[in-house]
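This report concerns only the one structure given below.
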């Protein structure tokens with residue numbers, strides 16, 4: 001296997017995504033976690049660029065990196081009650097066991113997979129009119145349902161913050 005520029009770029013982008021993802025999980029403040037989330041999502045967009053999926057990279061940056069992260073920040077900041085909403089001591093052992101089990105399973109899956117025997121699909125560009133037609137015909141209803149769920153979450157956070165009835 002030869003190491004070319006694309007493989008080196010993938011290694012760098014993957015390392016940035018992993019480190020930023022750890023930053024999301026290990027951050028103590030919501031704002032630090034959100035910044036790490038944006039960096040992680042931008043690294044995933046970099047992977048899409050390396051796969052020649054320019055449209056997916058653009059959607060990743062605009063929708064996830066921008067809109068969803070801002071919505072998440074607004075919802076979390078509006079629903080803050082002033083008390084520490086961190087992981088309680090009672091939940092910490094359960095979270096640790098769940099995290100270790102997930103890490104062990106993912107490590108086993110990585111080691112057990114024969115990466116060089118996997119068939120690789122031909123990279124081809126999908127035309128934007130085909131994606132647009134699929135989005136507004138096949139995927140129109142799921143897209144609208146997701147947007148309504150996000151809207152309800154934001155309105156709920158605003159109501160809780162305004163009335164002060166947060167649990």
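The values are calculated or read from the model by the stated rules, or taken from the named source; none is laboratory data. Remember, predicted model here, so these are calculated numbers, not experimental data. No Cβ is skipped: glycine too gets one built from the backbone with ideal geometry, and neighbour counts run over all protein chains shown.
Residues are listed down the side, and each one gets a yes or a no for (1) part of a helix (DSSP H, G or I); (2) closer than 20 Å to residue 95 by Cβ; (3) at pLDDT 90 or above:
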{"position": "7", "(1), (2), (3)": "yes, no, no"}
{"position": "16", "(1), (2), (3)": "yes, no, yes"}
{"position": "21", "(1), (2), (3)": "yes, yes, yes"}
{"position": "24", "(1), (2), (3)": "yes, yes, no"}
{"position": "28", "(1), (2), (3)": "no, yes, no"}
{"position": "33", "(1), (2), (3)": "yes, yes, no"}
{"position": "41", "(1), (2), (3)": "yes, no, yes"}
{"position": "47", "(1), (2), (3)": "yes, no, yes"}
Selection status of residue 77, surrounded by 12 or more Cβ atoms within 10 Å (Cβ to Cβ) and modelled with pLDDT under 80:
yes
Within the range 58-70, residues closer than 26 Å to residue 7 by Cα and in contact with a helix residue (DSSP H, G or I) (Cβ under 7 Å, 6 or more places away or on another chain) come out as 60, 61, 64, 65
Expected output for the range 89-100 (first residue within 16 Å of residue 26 (Cα to Cα), partner modelled with pLDDT under 85 and surrounded by 10 or more Cβ atoms within 10 Å (Cβ to Cβ), Cβ below 7 Å, 6+ apart or cross-chain) is 95/87
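Residue-wise test of (1) crowded, with 18+ Cβ neighbours inside 10 Å; (2) in contact with a helix residue (DSSP H, G or I) (Cβ under 9 Å, 6 or more places away or on another chain); (3) on the phi < 0 side of the Ramachandran plot.
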{"site": "7", "(1), (2), (3)": "no, no, yes"}
{"site": "13", "(1), (2), (3)": "yes, yes, yes"}
{"site": "18", "(1), (2), (3)": "no, yes, yes"}
{"site": "29", "(1), (2), (3)": "no, no, yes"}
{"site": "41", "(1), (2), (3)": "yes, yes, yes"}
{"site": "44", "(1), (2), (3)": "yes, yes, yes"}
{"site": "50", "(1), (2), (3)": "no, yes, yes"}
{"site": "56", "(1), (2), (3)": "no, yes, yes"}
Filtering the range 108-167 down to residues that are modelled with pLDDT under 70, in a loop (DSSP other than H, G, I, E, B) and either within 30 Å of residue 78 (Cβ to Cβ) or in contact with a strand residue (DSSP E or B) (Cβ under 9 Å, 6 or more places away or on another chain) (or both) yields 164, 165, 166, 167
